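The next block holds one structure in the form of C-alpha cells; read it before the comments.
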Amino acid sequence: MTTKELSFNDLHIAESDVWRQMGYGETIPDRRVTDTTRQIMDETAQVVKPLFGYRVLKGEVEGRLLRVADKELQVGRTIATQLVKAEAFALFVATAGREFETYQQEVAARGDILEAFITDAVGSLVAEHCADQMETHLQASIDKLGWRHTNRFSPGYCHWPVSDQQALFCLLGSAPCGVTLHESSLMTPIKSVSGVIGLGTHVEHEDYACAFCNKTDCTLRKR
C-alpha cells in the first residue's frame, strides 16, 4: 500500500474554502467569524497530520457490481458506468488523522459553538483536500503507463451502500493510515474519506462529479 503524510500547508485550504463549507457561499462573513476562522486554521496547522494511502488492484465491473480480489462491491449503476472502462482500481483512504480528532474534541470542550462549527468545517476540508492530493500522487504514479483516472467514489454516495466499507477495508488491510471501522461502517477518525478510483487508458475524469450525481449536500457540490 502506498502511503504519504502531508502538512496542513500541502492542502492549500483558503479561508474562503472554510466559509463556503460553512454555507456562506461567496459572501465574506462578519469579523468574529473571519477572526475565529484564522485562529482555528492556525491551531489546526500546528497539530494536524493528514495522511493518505492507496492500493491498486485488478478487478472488473459487472452490472452494478465491482469485483476486486475476492470481494464484491455494490457500487450501483451510476458509479459502475464511470468505472466500466477501467483496467485497474485504486482503493484509497485519506484522513485528517487522530491528532486532529483529539484537537476537535478539545475545541468542543471549550464550549464555544462557533469555534466547534468552524473546526468541523476545517476538518472536512482537510480530509477532502488530502484526498485531492492523493489523486495527484496517484496520477503521477500511473503517468508512465499512459493511464488516466476517474473521479473518486465513496460508499454512501450515488447509491453505494455505506455497509460496503466493510469489504473495502478488508481489501485495504488492517487500520489503513490509522483509520478504523466500526460495526456501523463509520470511520474513526471521523474526518476521513475512503473509496475507489478507476484507472486506465479509456477512463475519464469529470470536472464536476455533480453531472452524474443527484446528492445535493456533499462537499464537492459546495466547492
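The values are calculated or read from the model by the stated rules, or taken from the named source; none is laboratory data. Remember, predicted model here, so these are calculated numbers, not experimental data. Positions of Cβ are backbone-derived with ideal geometry, glycine not excepted, and every protein chain shown enters the neighbour counts. Note: accessible area is taken over every heavy atom of the protein model, side chains too, but ligands, DNA and RNA are not part of it. Shrake-Rupley method; radii C 1.70, N 1.55, O 1.52, S 1.80 Å.
See the values below:
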read-out	value
The chain - percent relative contact order, Cα under 8 Å, separation 6 or more	26 percent
Solvent-accessible area per residue for region 42-142 (1.4 angstrom probe, square angstrom)	44 Å²
Sequence of 95, 2, 136 when ordered by accessible area, the most exposed leading, probe 1.4 angstrom	136, 2, 95
With at most 16 neighbouring Cβ atoms within 10 Å, loop chymotrypsin sites (Phe, Trp or Tyr not before Pro) (DSSP) excluded, longest segment of the chain	25-207
Choice from 164, 35, 120 showing the highest fluctuation, given a GNM over the chain with Cα pairs closer than 10 Å	35
Selection of trypsin sites (Lys or Arg not before Pro), region 19-116, meeting DSSP coil and at most 13 other Cβ within 10 Å	58
Rg over Rh [alpha-carbon atoms, Kirkwood Rh] for region 135-190	1.05
Per-residue SASA entry for residue 143, accessible area with 1.4 Å probe, Å² rounded to 10	90 Å²
Where GluC sites (Glu not before Pro) fall in DSSP loop in region 137-212, at most 10 other Cβ within 10 Å	183
Per-residue HN-Hα couplings for region 89-106 [Karplus 6.51, -1.76, 1.60; θ = phi - 60°; Hz; x = Gly/Pro]	9, 9, 8, 9, 9, 9, 9, 6, x, 5, 4, 5, 4, 5, 4, 4, 5, 5
Stokes-Einstein D in µm²/s, Kirkwood radius over Cα pairs - the chain at 4 °C with 1.567 mPa s viscosity	72 µm²/s
GNM top mover of 81, 150, 27 - the chain, alpha-carbon springs below 10 Å	27
Heavy-atom accessible area order for 99, 106, largest first, 1.4 Å probe	106, 99
Farthest positive-ward along the chain dipole, Cα basis, beta-carbon charges - from 153, 19, 176	153
Loop GluC sites (Glu not before Pro), region 23-92 (other Cβ atoms within 10 Å of the site Cβ: 10 or fewer; DSSP)	26
Alpha carbon centroid spacing (whole Å) that separates region 129-153 from region 109-124	31 Å
Residue-level accessible surface for residue 190, protein heavy atoms, 1.4 Å, Å²	120 Å²
Evaluated at q = 0.16 Å⁻¹: base-10 log I(q)/I(0), Debye formula over Cα of region 66-193	-0.89
